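One structure is given here, and the rest of the page talks about it.
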Amino acid sequence: MARYSTNEFKSGLKLMIDGDPCAIIENEFVKPGKGQAFCRVKLRNLKNSRVLERTYKSGESVEAADVMDLDLQYLYADGEECHFMDTSSYEQYAASEAAVGDTRKWIKEEDMCIVTLWNGAPLAVAAPNFVELEVTDTDPGLRGDTASGATKPATVETGAVIRVPLFVEIGERLKIDTRTGEYVSRVKD
Amino acid sequence: MSKDPVVASVETLQARARMLAVIRGFFSERSVLEVETPLLCSSTTSELHIESFCAEDNSSGAGGFLQTSPESCMKRLLAAGSGAIYQICKAFRAGEAGRLHNPEFSMLEWYRPDLGYHGLMDEVGDLLRLILQLKSQRRISYGDAFRRYAGIDPFDISLAGLRKEAEKHGLSGATDREQCLDFLLSLKVQPALGAGLTFIYDFPAAQAAMARVRPGSPAVAERFEAYVDGVELANGYRELIDPVEQESRMWADLERRAAAGIAPVPMDEKLLAALRAGLPECSGVALGLDRLMMLATDSDSLASVISFSYEQA
């Protein structure tokens, strides 16, 4: 298995920590003038998103995690798994419910997603930062109320429920920020 | 001036020039002589944790080491009867790059034949007060600093206890005593020092480097480090003047380098010869000028106060 030395550490690098794949978020070089040099790293566990901190002696090496990010197209869900395809090689990947997680409520067929593979199998799926989805259910719109700032719940075509302004009507397409789950704007056709 | 975003601002360059003028004025007033010594030397430090750059003649391959500090040459001047001296120069340390490190950096180093190391701490404080707004100034021994901020006695604790403590704070594969102590100093003690100037003094004898060891229980190195707002700024010694002790420390360093698989360095015979001829009783200190500039301008990395950092040089 490949290993990375501390002098190759940089944010984004994927390492195996206690058996789990992790990505470096921050890396700081620490050294008392006359003493041992250390690399202090903050990492995100890619399986559970928990943030952890580790310190390595400078020059030490750590096992690399066989992790890569691919842009894949979402094909369909079969009840247990979501299926994705590499649009250039046509290779297909099946992602478990755990790997897809909350992303599921933002994506619909043919959307491009970033799928993180660990040892060749999907570990996590990230939706595009912004998606456009149609409103399938919400209370009748209050025309003209664009200033009050009041909101109401609306269900979109993927089944997700988000807070929207009062003027939004069934059948309208909305731009949504998937990182926060918030309404951004209406999309004019 | 270019709009190159990686270049320190014109205001920073001006502030740096003013800082250098203040430093030269300070030493001129105190009759400390400014000297220059070679950056390219035939030998270099033997210290385990400091790695040197080699500079070679592009065609013949002949060359030397870029100095990691001017200590050796300045001690040779002291042995030759220079009296109190200071130097503003570049120093080079391979592999040290980060927010607070640049492999090439500016150093202020000075030696006082007439001062003890506590007297030299006073002088470091006097100089820093001309450049920084210091909220406070205090001294704490290495032992007290560890007892207070890391909750352990660095002289008494067993190696097993020390390893456990280091692992508890996230160090993987802690091995020897000094590594664990360096880790806890950097990660526990230093960040807890708070605002203002703090001197930590009387280090473990194993971390004496070129400082005198004072016998006792425990024996301690007459060495100090100055920290401002938790940033390590200066390292000073009551200088070791005994050539026999100096030579045996160098051999011990070379053995530790060999055991760690690090490239050997030649013995600094010229320094040993100067010590045999007689280095006067003195104290000396080295201070990082880029870090001082960073603190003076309230910046958060060396790159913003250096005209061109290592990556841009």
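The values are calculated or read from the model by the stated rules, or taken from the named source; none is laboratory data. The model shown is predicted, which means the values in this text are computed figures rather than measured ones. Positions of Cβ are backbone-derived with ideal geometry, glycine not excepted, and every protein chain shown enters the neighbour counts. All accessible areas refer to the heavy atoms of the entire protein, side chains included, with ligands and DNA or RNA removed. Shrake-Rupley method; radii C 1.70, N 1.55, O 1.52, S 1.80 Å.
Tell me which residues, restricted to segment A:156-176, are in a strand (DSSP E or B) and surrounded by fewer than 17 Cβ atoms within 10 Å (Cβ to Cβ).
So in segment A:156-176, the residues in a strand (DSSP E or B) come out as A:156, A:161-165, A:173-176.
Correct list: A:161, A:163, A:173, A:175.
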request  = Return the total of residues in segment B:182-203 being in contact (Cβ under 8 Å) with a residue 60 or more places away in the chain and touching a strand residue (DSSP E or B) at 6+ places or on another chain (Cβ under 7 Å).
outcome  = 8
key: Breaking point among (1) among the acidic types (Asp, Glu); (2) within 26 Å of residue B:181 (Cβ to Cβ); (3) touching a strand residue (DSSP E or B) at 6+ places or on another chain (Cβ under 9 Å), for residue B:242   = (3)
query = Has segment A:78-100 got any residue that is under 23 Å from residue A:24 (Cβ atoms) and open to solvent by less than 40 Å² (accessible area, probe 1.4 Å)?
reply = yes
query = Can you pull out the residues in segment A:109-127 that are open to solvent by less than 60 Å² (accessible area, probe 1.4 Å), in contact with a strand residue (DSSP E or B) (Cβ under 7 Å, 6 or more places away or on another chain) and not in a strand (DSSP E or B)?
reply = A:111, A:127
task = Identify all residues within segment A:17-33 that are more than 30 Å from residue B:69 (Cβ to Cβ), within 11 Å of chain B (Cβ to nearest Cβ) and surrounded by 14 or more Cβ atoms within 10 Å (Cβ to Cβ); write none if there are none.
result = A:17
query = Restricting attention to segment B:99-123, which residues are outside any loop (DSSP other than H, G, I, E, B), within 14 Å of chain A (Cβ to nearest Cβ) and either farther than 30 Å from residue B:54 by Cβ or touching a Lys or Arg at 6+ places or on another chain (Cβ under 8 Å) (or both)?
reply = B:101, B:105, B:107
query = When segment A:1-16 is examined, which residues are found to be assigned to a strand (DSSP E or B) and either buried (at least 17 other Cβ atoms within 10 Å of the Cβ) or charged (D, E, K, R) (or both)?
reply = A:3, A:4, A:14, A:15, A:16
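Quick one: which of B:112, B:148 is over 27 Å from residue B:305 (Cα atoms) and touching a Cys at 6+ places or on another chain (Cβ under 7 Å)? Before you say what the answer is, go through the steps one by one.
Working: B:148 fails: touching a Cys at 6+ places or on another chain (Cβ under 7 Å).
From the options B:112, B:148, the qualifying one is B:112.
Condition first: open to solvent by less than 20 Å² (accessible area, probe 1.4 Å), away from every other protein chain (no Cβ under 14 Å), more than 20 Å from the chain's Cα centre (by Cα) and not polar (S, T, N, Q). Can you find one or more residues in segment B:21-30 that meet it?
Narrowing segment B:21-30 to residues open to solvent by less than 20 Å² (accessible area, probe 1.4 Å): B:23, B:26-27.
Then drop every residue that is not away from every other protein chain (no Cβ under 14 Å), which leaves B:23, B:26-27.
Checking which are more than 20 Å from the chain's Cα centre (by Cα) leaves us with B:26.
Cutting the leftovers down to not polar (S, T, N, Q) gives us B:26.
For segment B:21-30, residues open to solvent by less than 20 Å² (accessible area, probe 1.4 Å), away from every other protein chain (no Cβ under 14 Å), more than 20 Å from the chain's Cα centre (by Cα) and not polar (S, T, N, Q): present.
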query = How many residues, within segment A:58-67, are within 14 Å of chain B (Cβ to nearest Cβ) and outside any loop (DSSP other than H, G, I, E, B)?
reply = 3
note = Here the qualifying pairs (Cβ atoms under 8 Å; residues six or more apart or on different chains; first in segment B:166-181 and on the phi > 0 side of the Ramachandran plot; second in a loop (DSSP other than H, G, I, E, B)) come out as B:173/A:60
query = Listed residues B:59, B:31; which is without any contact (Cβ under 8 Å) to a residue 12 or more places away in the chain and more than 28 Å from residue B:253 (Cβ to Cβ)?
reply = B:59
key: Residues located in segment A:34-57, provided they are under 30 Å from residue B:209 (Cβ atoms) and either within 26 Å of the chain's Cα centre (by Cα) or more than 7 Å from chain B (Cβ to nearest Cβ) (or both)   = A:39, A:40, A:41, A:53, A:54
query = Which members of segment B:237-264 meet the condition of being at pLDDT 95 or above and either in a loop (DSSP other than H, G, I, E, B) or under 30 Å from residue B:308 (Cα atoms) (or both)?
reply = B:240, B:241, B:242
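Can you tell which of B:166, B:174, B:221, B:234 is crowded, with 17+ Cβ neighbours inside 10 Å, within 14 Å of another protein chain (Cβ to nearest Cβ) and in a loop (DSSP other than H, G, I, E, B)?
On the way: B:166 fails: in a loop (DSSP other than H, G, I, E, B); B:221 fails: in a loop (DSSP other than H, G, I, E, B); B:234 fails: in a loop (DSSP other than H, G, I, E, B).
After applying the criteria, what remains is B:174.
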request  = Return yes or no: is residue A:40 touching an Asp or Glu at 6+ places or on another chain (Cβ under 8 Å) and either assigned to a strand (DSSP E or B) or over 28 Å from residue A:179 (Cβ atoms) (or both)?
outcome  = yes
